[in-house]
Structures are given as C-alpha cells and as structure tokens.
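Remarks on the structure that follows.
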Amino acid sequence: MNLGHALIVDDSKTAQHLLKRMLQKYNLKIDAVSSAEEALAYLSYNHPTVIFLDQQMKGMTGIEVLKMIKANPHTALIPVIMYTSQQDDLFVSQATALGAQDILSKGAMQPSNLERVLQVLNIRPIVESNAETAVKAGDSHISSRRSVPVNLPAKEQPTQDLDKVRSQIGRLFEVHVVDIGTKINNSTQFIVKRLSASIEKNASREAIIGSASLSMIKSAVNSIVAAERERIAFAFNLVLAAVVFGVAFFGYMLWQVQDDLKQISQNYLTASEAKKPAVTVMPTPVSQMRPENEGDRTPNTALLRAIGWLQNADFQFNFGESPLNDRQLSNLNRLLTIVAEAGYKGPLIVDINFGNVCLEASEEKTWRLARNDMPATACKMLKDLNPKFTATDYITVPFQTFEKTARPIQDGRISLQLITSGLNVPRVEYPLITASTTAGEWNSVALRNNRISIQFMNY
C-alpha cells in the first residue's frame with residue numbers, strides 16, 4: 001500500500017506532539033507547521049493526503065485558512081479535518097458549509113474517533129495495511145509461478161526524481177518563510193530597543209533640566225507670565241476698541257435709519273396728498289353739461305353726484321389685463337346711468353392709457369413685470385419695445401355687447417368714442433432712475449398710469 005501524507009497545522013507544539021503520536025500507527029508521513037502562513041507556503045509545493053487544521057491560531061484563523069484551501073483548485077480536493085477545542089454549533093455549521101471533512105475535539109480526542117475519520121479516507125492502521133500487503137504478496141508469489149516477470153517501465157525513475165525535487169523545493173520554501181519570520185522578529189526587537197534607548201535618553205535630559213537652579217526656573221516662569229500678561233492686555237485693548245467702534249457705528253446707523261424713516265414718512269405724506277384718482281376727467285363747463293332745458297344754468301344734484309362718483313371711481317387695470325374687462329365695463333355702465341340721469345347728452349371719450357412698466361424676460365421667453373428687488377437700470381422698459389397702441393385692438397366681445405345693450409347709448413342720448421393715448425399721457429410722474437432705484441419702486445408708479453380716462457365733449 002502507498003504511503004500517505006498528513007499535514008498538521010497548529011501553533012501549539014504540545015498539540016502537534018499528541019496528534020503525531022496518535023497518527024504514528026497509520027501508514028502516513030507526518031509534517032507539522034505552526035501557522036496559517038507556513039501551511040499555505042507548504043501547500044504551494046506539496047499535496048498531502050489529509051490536513052488536520054486548528055481553529056484558534058495567531059494571525060489567520062482555521063476558518064480563514066479553510067476558505068483559502070477550498071478556493072484554490074490545486075488544494076480544493078484535499079480533505080480537511082478541523083482539529084480544535086471549539087465545538088459550538090455556529091462553528092460546526094460554518095466549517096461544514098466551507099467543506100471541512102470532519103471536526104475532532106482536542107479535549108475529547110479518542111483513537112476510535114480518529115480511526116473512524118481516517119477510515120472514511122481509506123487510511124488504515126499499519127497492522128491492517130501489512131496484512132493486506134502480505135495477502136497481495138502471496139497472490140503475487142503464486143502468480144509469479146505462472147507468469148513471466150515484467151520489467152518496470154523506464155519512465156518511473158524520472159517521475160520519482162521529479163517528486164523528490166518538488167519535495168526539496170517545498171522544504172526550502174518553508175525554511176525561507178521561517179527565516180523571514182525570524183528576521184521580522186529580530187527587526188521588531190531592534191526597533192523596540194531603539195525606542196527604549198530614545199525614551200531613556202529623553203528622560204535623562206528631563207532629569208538634567210530638573211537639576212537646574214530654582215532661580216533660573218523662577219526667572220523663566222516670570223518672563224513667560226509677563227509676556228502672557230502683555231499679550232492678554234493687548235488683546236483686551238483690541239477687543240475694547242472694537243466694541244467702542246461697534247457701538248459708535250451702530251449709533252450712526254441708527255441715526256441714519258431714523259433720518260431715512262423720517263424722509264420716507266414725509267415722501268409718503270406728500271404722495272398721499274398729491275394722489276389723484278385713477279380716472280382723469282377732462283372737465284367741461286357745467287354750462288355745456290346742460291340738461292334738456294338749456295336755459296337752466298344751475299347744475300342739478302344728479303350732475304354733481306355724477307362728477308363726484310367719477311372722481312372716486314377705479315378705472316385702473318393691471319399689467320397684461322384687458323383694459324375693457326368686466327370690472328371696467330361695469331364702471332362705464334354706472335357712469336352712463338348717472339350722467340344720463342343728470343341730463344347730459346353728447347359723446348363720452350374713453351381714453352386708454354398705459355404705464356411705462358419695467359420688464360424682464362421669463363423662462364418662456366415672454367415679458368413680465370420685473371422682480372421688486374431688481375435694479376431699475378437692469379430693466380427693459382415697455383417704451384423700449386416700441387409697442388403699437390391701436391384702439392380697435394382693445395374692442396372685445398363684452399364691450400360690443402355693452403354698446404348694444406346700454407340704454408343711454410341705444411336711445412341716442414350718449415355715445416362712446418374709444419381712443420388710446422398709449423404711453424404719452426402719464427397721470428403720475430415717474431421717479432428719477434438712479435443706481436439705487438428698484439423695479440418695484442418704478443412699477444408702483446407705472447401701474448398707476450395703467451388706467452382709463454373719461455372726457456366729456458358736447459357735440
């Protein structure tokens with residue numbers, strides 16, 4: 001029977017020795033390594049029959065080595081028996097899932113358990129092997145009487161030499177790995193010695209400093225304290241100056257804000273006093289706004305009520321809104337009723353005026369009112385777009401219906417003439433554009449110029 005080959009991977013020399021003794025009764029050549037790294041180096045040049053692998057080792061654990069063995073096609077088929085003191089269910093299930101052949105406990109190791117595991121691998125004790133060999137030898141002796149001896153092939157000798165070379169190279173590699181480990185340990189010890197020497201040297205220096213005279217130490221401490229006091233005093237003075245400057249600046253700003261508030265309040269009052277109604281009335285002498293009885297020159301109560309209502313009516317419209325919308329037509333209808341009751345006859349001129357609003361381009365590449373905080377100098381004024389204002393463009397279907405249904409118009413007492421002055425007749429004067437003028441300030445005035453004015457004119 002051919003001689004098997006077992007590899008023991010365990011960092012405990014005692015455990016290695018005990019397992020070797022138990023394996024001596026088997027037909028095995030036994031090798032042992034003390035770390036996972038040495039085991040992987042060994043397997044690079046050797047292919048054992050079975051591997052006994054410990055779990056708890058310095059460096060890599062047995063589970064990690066098992067993963068690497070089974071991941072390598074060269075070593076994946078080698079049976080691996082976990083030889084460890086760890087026996088919890090999680091470890092057993094993990095090792096079995098990774099491909100461990102079996103798991104033996106160090107604490108409860110019995111020859112019968114080992115024999116059971118090795119028997120599955122067709123590894124038997126030497127006694128049984130010798131008996132089988134004797135039986136085969138007898139059979140060979142009997143057969144030799146009946147047959148002619150056959151010479152071994154000439155190629156077996158080179159194969160055996162190649163195996164020896166591989167084994168020697170593997171041994172050299174193992175020695176090299178061990179040598180590298182030794183050098184690393186030596187280097188580590190050397191570095192530790194150097195660090196210890198450096199620490200001792202620094203300690204001696206501190207001892208020298210500690211032996212200095214008390215007067216020198218006091219002088220040095222006093223110098224440091226004086227320098228620190230000067231630094232603190234300078235920092236305190238700097239902070240104090242900053243606080244004084246901040247208070248003065250805050251007071252100045254507060255004074256400026258109060259002054260600005262007064263100016264704003266004054267401007268608001270001025271604007272409120274100067275505010276005009278949205279409807280511009282082109283006054284006509286009362287004598288011309290006469291009732292049917294032309295000889296009566298005393299204005300009646302209805303006529304005065306019509307003029308008062310017209311002064312307070314809201315004929316403004318927003319940017320983008322139709323000038324003759326439903327609200328404006330309702331105001332016109334109310335105006336016609338009042339002036340008709342006052343006895344006025346003749347045309348009413350409806351003049352549509354527009355404000356020169358400040359615009360900006362939208363995402364849809366159309367023009368819209370500029371944002372309130374946008375500088376007025378960055379706006380695109382409506383006047384710059386050269387718009388064309390035509391009165392017929394603002395005649396809507398509701399306006400035509402209004403003309404056909406308004407009684408004062410239908411009975412011929414009053415007629416409407418629709419015109420547009422465009423941007424030429426602003427009701428409110430625009431502010432002067434400066435670097436601080438915003439679009440919101442400008443448009444607040446421009447939108448007040450978006451309105452309808454009414455003019456009375458006798459025929």
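The values are calculated or read from the model by the stated rules, or taken from the named source; none is laboratory data. Every value quoted in this text rests on a predicted model; they were computed, and no experiment measured them. Quick reminder, even Gly has a Cβ in these numbers, built from the backbone with ideal geometry, and neighbours come from all protein chains shown. Ligands, DNA and RNA are stripped out before the accessible areas are found, and what is left, the full protein with its side chains, is counted by its heavy atoms. Shrake-Rupley method; radii C 1.70, N 1.55, O 1.52, S 1.80 Å.
List of remarks:
- Interchain or long-range residues, amide H under 5 Å from N27's placed H: R124, I126
- Note on S85 and Q455: the model spin-label points, each 7 Å out from Cα along the C-beta direction, lie 11.6 nm apart.
- Under the simplified labelling scheme, the K380-Q256 pair shows an inter-label distance of 3.5 nm, with each label point 7 Å from Cα along Cα→Cβ.
- Shown in residue order for region 219-225 are the 3J(HN,Hα) couplings computed by the Karplus curve 6.51 cos²θ - 1.76 cosθ + 1.60 at θ = phi - 60°: 4, 5, 5, 4, 5, 5, 5 Hz (x for Gly and Pro).
- If the Kirkwood radius is taken over C-alpha pairs of region 213-255, then at 10 °C and 1.306 mPa s the Stokes-Einstein diffusion coefficient equals 124 µm²/s.
- As an equivalent ellipsoid, region 369-459 spans semi-axes of 36, 14, 11 angstrom, where each value is the square root of five times an eigenvalue of the C-alpha gyration tensor, largest first.
- Close amide H partners of T49, meaning residues 5 or more places away or on another chain with modelled amide H under 5 Å apart, are H5, A6.
- Counted over region 1-119, the DSSP beta bridges are approximately 0% antiparallel.
- I30 accessible area, assembled protein chains, probe 1.4 Å, Å²: 40 Å²
- Inter-site label distance for W309 and Q263 at 7 Å from Cα along Cβ, in nm: 4.5 nm
- On region 328-395, 48 percent of the accessible area sits on carbon and sulfur atoms, based on a 1.4 Å probe.
- Between region 315-366 and region 389-459, the alpha-carbon center distance in angstrom: 5 Å
- Diffusion of region 6-91 by Stokes-Einstein, at 25 °C in a medium of 0.890 mPa s and with Rh set to the Kirkwood radius over alpha-carbon pairs, works out to 188 µm²/s.
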